[in-house]
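Below: one structure, written as structure tokens.
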Amino acid sequence: MEETQLVMPTDTKRVRGPEASQSPLLFWSRPAKALPSHGPRADGRQRDQVDVRPVFVRCGLVSQAKGSAYIEAGNTKVLCCVYGPRETERRDETDMKSGRLTTDMRFAPFSCPERGSWIQGSQDKDFSLMLQESLQPAVCLHKYPRSQIEVNVMVLENSGSILAHAVTCASMALADAGIEMYDLVLGCSLRQDGGSFVVDPTYPEENSCRSGSGEKQGRLTVAFLPSLNQVSGLQSDGEMAEETLTAGIRTCIEGCYKVYPVIQQALIKAVRRAAPPPAES
């Protein structure tokens, strides 16, 4: 009597993994390690100096938006789109006299070491509010009554100092959209750790664990209007003495001035690209 071998049917609904795969433990996020507080930084920049990362900026990349900008500082990548001014849905006395600026800042799920969600969380809402508070003093909202200007920021990769670069990118997008402004808004971040500080910190430097705490432990982000020499936004966390905080603000302002020429050249190139060709005589 012949034996028959039963063959299991193929499960067409199951997604088969690749033949050469790796353990998920390889990509498991490990706790942040304490970075050395002396000597050069991991990317070669110096401590206790206004040493910002090289910045690449470009305007007018999204054709569907009124204005757009892209900024890349190290591995930090941010894209911003501006829509409007358009007629606002809500019509109250405030909207009748001046316009309204709305901001929405979100992180792509793949932007951070820990994968996030498309749904806006508490961190995204906090960043959106801080972004709005930094940009609103620079926009001439009284020129746009009964109108709304929407600023949408998407973080493609977060490698540190994300709020500062989001402020700079959103300011460029507003200028690219032709929105009347008093001045550009530039951002710069600083991390204070004891007696030393790092400007434009990376993601590991922002989340490094230190043993002990004191009055010189914290992070600082400044939004600055370079032509008017005014601070439009300030966000800090941690414990820093008044003298340390004042020195940190001055250092961040100096960092904004270092980025200012790059932003100016990017806007000039965008205007030249958008300008019509000269008429032939």
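Computed quantities for the displayed model
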quantity: Every residue from the range 180-200 that is outside any strand (DSSP E or B) and surrounded by fewer than 24 Cβ atoms within 10 Å (Cβ to Cβ); calculated: GLU180, TYR182, ASP183, LEU184, GLY194, GLY195
quantity: Every residue from the range 140-165 that is open to solvent by less than 10 Å² (accessible area, probe 1.4 Å) and in contact with a Leu (Cβ under 6 Å, 6 or more places away or on another chain); calculated: ILE149
quantity: Residue satisfying all of: in the range 91-100; touching a Phe, Trp or Tyr at 6+ places or on another chain (Cβ under 9 Å) and open to solvent by less than 40 Å² (accessible area, probe 1.4 Å); modelled with the lowest pLDDT among these; calculated: SER98
quantity: Exclusive hit being open to solvent by 20 Å² or more (accessible area, probe 1.4 Å) and among the aliphatic types (A, V, I, L, M), set ALA247, ALA177; calculated: ALA247
quantity: Residue list for the range 56-90, filter: in a strand (DSSP E or B) and open to solvent by 40 Å² or more (accessible area, probe 1.4 Å); calculated: PHE56, ARG58, GLU72, LYS77, LEU79, TYR83, PRO85, ARG86, GLU87
quantity: Conditions (1) at pLDDT below 85; (2) under 29 Å from GLU205 (Cβ atoms); number of the one not met by THR88; calculated: (2)
quantity: Some residue of the range 250-271 being assigned to a loop (DSSP other than H, G, I, E, B) and open to solvent by less than 70 Å² (accessible area, probe 1.4 Å); calculated: no
quantity: Some residue of the range 208-224 being of a type in the set (S, T, N, Q), at pLDDT 85 or above, surrounded by 19 or more Cβ atoms within 10 Å (Cβ to Cβ) and touching an Asp or Glu at 6+ places or on another chain (Cβ under 9 Å); calculated: no
quantity: Which numbered condition LEU135 fails, given (1) open to solvent by 40 Å² or more (accessible area, probe 1.4 Å); (2) among the aliphatic types (A, V, I, L, M); (3) within 21 Å of ILE253 (Cα to Cα); calculated: (1)
quantity: Candidates ASP126, ASP200 - the one that is acidic (Asp, Glu) and in contact with a Ser or Thr (Cβ under 8 Å, 6 or more places away or on another chain); calculated: ASP200
quantity: Within the range 45-66, tally of residues that are over 15 Å from CYS256 (Cα atoms) and among the β-branched types (Val, Ile, Thr); calculated: 1
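Quick grid of which residues meet (1) under 24 Å from SER98 (Cβ atoms); (2) touching a Ser or Thr at 6+ places or on another chain (Cβ under 7 Å); (3) in a loop (DSSP other than H, G, I, E, B); (4) without any contact (Cβ under 8 Å) to a residue 60 or more places away in the chain:
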site	(1), (2), (3), (4)
HIS165	no, yes, no, no
THR168	no, no, no, no
ALA173	yes, yes, no, no
GLY233	yes, yes, no, no
ASP237	no, no, no, yes
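The values are calculated or read from the model by the stated rules, or taken from the named source; none is laboratory data. Note that the coordinates shown come from a computational prediction; the quantities given were computed from them, not determined experimentally. Here the Cβ is made from the backbone with ideal geometry for all residues, glycine too, and neighbour counts use every protein chain on show. For accessibility, only protein heavy atoms count, side chains too; no ligands or nucleic acids. Shrake-Rupley method; radii C 1.70, N 1.55, O 1.52, S 1.80 Å.
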